[in-house]
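This report concerns only the one structure given below.
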Amino acid sequence: MDLDEVADRLYAVPPPEFTAARAEAARAAKEAGDGGLAKEIAKLRKPTVSAWAVNRLSREHPAELDELLEVGERLRAAWQEQDADELAGLTRLRGEVSAKVGRLARQAGDLSAAAATEVDQTLDAALVDEEAAAEVRRGRLAKPLQYSGFAPAPVTRPRPSRATKKGDAGGADEAAEARRREEEAARKAKEREEAEAAHREWLATLESAQREYDERAEKVERLERKLAKARGKLDDARQRLEVTKREERHARQRLER
């Protein structure tokens, strides 16, 4: 048994069962005499629901996941070559494949809106970033991925310029106005994209904060139950001590008579 084997098995386990499965695996490694492996297993992080949903893809839908990641490879190559026609076609294909794979990931369970958004962000990251793609293909994500760099997008070819002749001032003005409208539309589209990205990030942060709060509240509740039980045992021990002291005192008094 090695860490890769254990990690592959653990990250296929649903999040509610992960902690117990990790503890059992660490205990088994320790009992087998491999304390170092036990410590490494204990360090494995519990996956979020969205990370687990994406991890399932590499195990249950490898062909569809490979199709998505192949589109990502082609997108990155087309971007490097500044191939506008290829990028335009791949962008349409990207939308279709991403939607299909996203639906498969959501079938993992009843995902919240924030978790579904994290799934989409993770798949987007895998499309545009080679390292993210490798992590997704490996199927051991503990948290969703995000890509903050520049994402490949269609390249707009410059339109052939037309020589301006005398009397063509009106046509030049119309072309300038058309360019202005295009630039304004592009600016608004970029602002909306940035706003949507910021909103997705806050949704993800909200779910993470809620998850952390729930986990800590559950831990406090468990500790309080243990403390209450320990206090009960302490009270029992105190009563036995008082009874023992009283009986010892009576026995000593009889001895002294």
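The values are calculated or read from the model by the stated rules, or taken from the named source; none is laboratory data. The structure presented is a predicted model; accordingly, all values stated were derived computationally and were not measured. Counting neighbours? That spans all protein chains shown, and the Cβs are built from the backbone with ideal geometry, glycine included. Each accessible area value is taken on the protein alone, full model and side chains, heavy atoms only, with ligands, DNA and RNA left out. Shrake-Rupley method; radii C 1.70, N 1.55, O 1.52, S 1.80 Å.
Details
- Rounded to the nearest Hz, the phi-derived 3J(HN,Hα) couplings of segment 116-130 under the Karplus curve 6.51 cos²θ - 1.76 cosθ + 1.60 (θ = phi - 60°) are 5, 5, 5, 4, 4, 4, 5, 5, 4, 4, 5, 6, 9, 10, 5, where x marks glycine and proline.
- Note, ³J(HN,Hα) from phi for segment 58-69, Karplus 6.51, -1.76, 1.60, rounded to Hz, x at Gly and Pro: 5, 9, 9, 9, x, 5, 5, 5, 4, 4, 5, 5
- Using a probe of 1.4 angstrom and keeping all protein chains present, the accessible surface of segment 73-144 works out to 50 square angstrom per residue.
- In nm, spacing of pseudo-spin labels at residue 147 and residue 9 (7 Å Cα→C-beta vector): 3.4
- Label-to-label distance, residue 112 versus residue 210, with points set 7 angstrom from Cα along the beta-carbon direction: 0.3 nm.
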